[in-house]
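The structure appears below as structure tokens.
The values are calculated or read from the model by the stated rules, or taken from the named source; none is laboratory data. What you are looking at is a predicted structure, and each value in this text was computed from that prediction instead of being measured. Cβ sites come from the backbone with ideal geometry, for glycine too, and all protein chains shown count toward neighbours. Surface accessibility is based on the protein's heavy atoms, side chains included, excluding ligands, DNA and RNA. Shrake-Rupley method; radii C 1.70, N 1.55, O 1.52, S 1.80 Å.
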Amino acid sequence: LDTLEVVPSAAQLLRGQVNLQRLIVDGGRLDLRFDRVGDHVALRCGPVSRGGGGGGPSELPFRDVAVSDLAMHIEHPAVGTVDVGSADLDVVNLGRQRLRLGLLAVDGRAATPYFTGPVPRAEARLSLDLVSGDLRVALANLTAGTISLQVREGLFAPSQRRAMVDAQLEAPIPDLMRLVPPTVTVPRFQGQVVLDVRGDVADLSRADETF
């Protein structure tokens, strides 16, 4: 890390507790490498958070984390390899194990089973409930090669067994067909496709029946 600034909460210090009001990281590089261990994937190299035990979820020990101009390298056996030239991340602790996240990543490149090439820009605004696992997408944009994806709204709510998406995908048809697994035979098409998707899965356990 090039610059690390930690601002503790004065009120928590007076109570004898260590709680960060703000954590600021500016510049540096983060390497995350995952390996398959048996039937699951584990982090081999990267930051690890260890819980202190206890009977239930405790409050997160920070209010705001701001990361800017951070280079990243990620290796995952299922996803492939992703490099990010510069990433900005802002995490706000809303309390009760709820987070609001803003992400902007530029100058990226990916080598995955379905896509290999430049990822000039990715951005997202999300909220996450760590207890229920519910994820809400307020906005997300991704440019990968000639493919552009915009998520106007999204929800993945295991606690409600529900999912919803409102998105638009734009790409040349030949480039979009490269995302299809090679074992699937598809006809050759030319041109540009703009696909609007609005869908709601009322019951994740019966997604094929409730979409």
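Which FRET efficiency value, to the nearest 0.05, is calculated for ARG109 and ALA202 with the Förster distance at 30 angstrom and r the Cβ-Cβ distance?
0.20
Quick one: if you stick a label point 7 Å off each Cα along the C-beta vector at ASP166 and ALA71, how many nm between them?
Distance between label points: 4.0 nm.
With a 1.4 Å probe and all protein chains left in place, how much of the accessible area of the range 61-211 comes from carbon and sulfur atoms, in whole percent?
Its accessible area is 59 percent carbon and sulfur atoms.
What does the accessible area per residue of the range 60-211 come to in Å², with a 1.4 Å probe and no ligands, DNA or RNA counted?
Normalised by residue count, the accessible surface of the range 60-211 is 59 Å².
Give me a comma-separated list of calculated 3J(HN,Hα) values for the range 150-167, in order, Karplus coefficients 6.51, -1.76, 1.60 applied at θ = phi - 60°, integers in Hz, x for any Gly or Pro.
Per residue, the Karplus-derived 3J(HN,Hα) values read 10, 9, 7, 6, x, 8, 10, 10, x, 5, 9, 6, 9, 9, 8, 8, 9, 8 Hz.
Quote the FRET efficiency, to the nearest 0.05, computed for SER159 versus PHE189 with a Förster distance R0 of 45 Å and r equal to the Cβ-Cβ distance.
0.65
For an R0 of 35 angstrom, estimate the FRET efficiency from the Cβ-Cβ distance between ILE173 and VAL79 and round to the nearest 0.05.
Details: r = 25 Å, r/R0 = 0.71.
Between ILE173 and VAL79 the formula returns 0.90.
If a paramagnetic tag sat 7 Å from the Cα of LEU32 along the Cα-Cβ line, which residues of the range 73-94 would have the backbone N under 17 Å from that point?
73-92
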